[in-house]
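The values are calculated or read from the model by the stated rules, or taken from the named source; none is laboratory data. Worth saying up front: this structure is predicted, and the values here are computed from it rather than measured. Note that we place each Cβ from the backbone using ideal geometry, even for glycine, and neighbour counts take in every protein chain shown. Quick note on the areas: whole protein, heavy atoms, side chains included, nothing else; ligands and nucleic acids left out. Shrake-Rupley method; radii C 1.70, N 1.55, O 1.52, S 1.80 Å.
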Amino acid sequence: VSTQSTGEGVEEDMAATCTGAEAIMNLCDQANITTCFANPGTTEMHLVDAISATNIRTVLGLHENVVTGAADGYGRMRPDAPAMTLLHLGPGLANGLANLHNARRACVPILNLVGDMATWHAHTDAPLMMDLEGLARTVSGTVRTVGVDTVEQDILDSIYATRRAPEDALYNRISTVIVPHDVQWSEFSPELACVKPEVPSSVEQLILNEAVHNLESLEKFIQTVASTLQQAGTKGLVVLGTGALLEAPLLLSGRIVQATGATLACMNNFGRVERGRGTPKLVRVPYFPQEALGFYSGFDVVVMVGAPSPVGMFGYQDGPSRLVDTNKQEVFCLDMSSDFMGMLNLMARHVKAPDTYQMDPMPAKPARNLPQGKLSPSKLCLTLASMQPEGAIIVDESLTSGGSYWDASQDSARFSHLSLTGGAIGQGIPCAVGAAVACPDRRVINIQADGSGMYTVQGLWTQARESLNVTTVICNNSKYAILHIEMSRQAPPNAGRKPSSQSLLSLDTPQIDWTHLAAGMGVAAAKASTVEELQELLKQSFSTPGPFLIEALLC
């Protein structure tokens, strides 16, 4: 409410009312939401107008899956404050579902604002009408359709839900708010105090097991886990998932395994992990379920921290579904919706962990010799790991081409590593957009498979428009290599040898020219077919502000 002083010194009310759109945007602004990734349409024009009166930065994406993927990348690097998206009706939300699915698997906080038809027009079955709430529930922990009388409370509750996942949707911090067109333009008198919704972080709010409901049982549970892990020694395994792979919990977990002799690992589809020199070495659980089952079977005790009980990515013929055997192994799942550090500190105390993480003494090594000659996937990974700058953010959708990057980068300078969490490809380019918006002073390197990159190539335009410090390295092998591997592993009757099958697995007719695609969207680009060319282009990119694309032609 704004006021103005009259000639008699009395303050006169100048704006006792506001529109629904203004109320929504003001509340988001006051709740420390600083960025809105958007692809709006007709039913969002009042929201578009209202956001201009706030401090919220707006970032346009030319496809909704770019918008939602960017919100995912932003949220992974800024988990303290949700990103916001602005989407157009059901078709707009539907276009963005794939990367919202990835964000859900990464437990990323996102507030989706989705415009809808005016309430009095909804019964007409207009061409763009869809079951918006049904669509939203597939990826959202909380879904609300706001009314004129409930705008403020609905928005505050939805923001709250991004900061603590609901108990019936553990790890899902996505809130979708459906805003009918007429609610946006309707005027009303604000009644609620505009306060930042805060989520207390306490041990009592942790969701560990259904049996754990209070501090006493929590203490007993952790004592049981710690004692069992300690007794297992080298037959113990600690697997870290969402939230537990940030620096503080990761170092604390490193102290725990140093005290117990257990192996420290991370989920294959992690959201974000802090890596490089000075961090505990992690084993990455294998991707394919047969290999993952073999990995888990080598341990008697498995403690999943911030990760669900492991299952196979797919159910293959004669393959496993669950990857641990509770009849033969003791499996503990620490499913936490809040304070990881409180949990891990309890465990560290029980196992008498050292006060600090003790780095293994590293003998002096000669400078790493880079490979030479024609680029191959392994040479590409080794070159990137050797040259990436300290503080880099690696957005890894390399798929088959980046198989050796994990090991190659173990001793790289400190960096953040983001991976494909939900398996919905087309995540890399937009995720790099969001990470670069969240951390403008850090170089983002997107290691990008060529086939999946085409799903959201429009994200390059946003990188250019926003002058984002992103280096995109396209792994150009001109095929869906992962599908060749899947065909070989599954061995169907014709083994995919016939031309009609082969045509679905290749990308070489016609050849995709990534440098021209990038240039058409305002991103400088060049090709590299040798290690030496790649080195020069990486140096050029890292020393020049703004986006740059390198098309790595792999042999």
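Data for the structure
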quantity	calculated
Cα-based reach from K328 at 21 Å (exclusive), listing lysines while leaving out same-chain residues under 8 positions away	K235
Derived scalar couplings ³J(HN,Hα) [the stretch 406-413; Karplus, 6.51 cos²θ - 1.76 cosθ + 1.60; whole Hz; x for Gly, Pro]	4, 5, 5, 9, 4, 10, 5, 4
Cα centroid separation - the stretch 24-61 against the stretch 536-555, whole Å	33
Relative contact order for the stretch 225-336, counting Cα pairs under 8 Å that sit 6 or more residues apart, in percent	29
For volume of the Cα convex hull per residue in Å³, calculated from these coordinates, the label among [x] 150; [y] 195; [z] 380	[y]
For the stretch 469-482, Karplus couplings with θ = phi - 60° (6.51, -1.76, 1.60), whole Hz, Gly/Pro x	7, 10, 9, 9, 10, 7, 8, 8, 10, 6, 7, 7, 4, 5
Accessible surface, the chain, averaged per residue in Å² (probe 1.4 Å)	43
Inter-part distance where the stretch 214-276 and the stretch 440-476 are each reduced to a Cα centre, Å	34
With DNA, RNA and ligands ignored, accessible area of F288 (1.4 Å probe; Å², nearest 10)	30
Accessible surface, 1.4 Å probe, highest first, among residues S501, S543, S416	S543, S501, S416
Sulfur and carbon atoms: percent of accessible area, the chain [1.4 Å]	52
Prolate/oblate/rounded label for the stretch 42-196 (Cα gyration tensor, a/c 1.5)	rounded
Prolate/oblate/rounded label for the stretch 17-66 (Cα gyration tensor, a/c 1.5)	oblate
Solvent accessible area, Å² - D411, 1.4 Å probe, full protein context	40
MRE, 222 nm, helices only [DSSP H, n ≥ 4, -39500 (n - 2.57), over the chain, to nearest 500]	-10000 deg cm²/dmol
Residue order for C333, C28 - accessible surface, 1.4 angstrom probe, largest first	C333, C28
Long-range HN-HN contacts of T58 with modeled amide H, under 5 Å	C36
Cα-based reach from K220 at 20 Å (exclusive), listing lysines while leaving out same-chain residues under 8 positions away	K352
Proximal lysines to K539, defined as alpha-carbon separation beneath 23 angstrom and excluding residues fewer than eight positions away on the same chain	K374, K379, K527
Relative contact order %, the chain, counting alpha carbon pairs below 8 Å whose residues are six or more apart	14
Residues in the stretch 394-426 that a label on K281 would reach, taking backbone N under 18 Å of a point 7 Å out along Cα→Cβ	404-415
Overall form of the stretch 12-125 per C-alpha gyration tensor (a/c, 1.5; a/b vs b/c)	oblate
³J(HN,Hα) computed for each position of the stretch 419-425 - Karplus, 6.51 cos²θ - 1.76 cosθ + 1.60, integer Hz, glycine/proline x	10, 7, 7, x, x, 8, 6
DSSP loop trypsin sites (Lys or Arg not before Pro) with at most 14 other Cβ within 10 Å: longest gap in the chain	1-276
DSSP bridge orientation in the chain - percent antiparallel, rounded to nearest 5	15
Label-point separation in nm, T58 to A126, each point 7 Å along Cα→Cβ	2.0
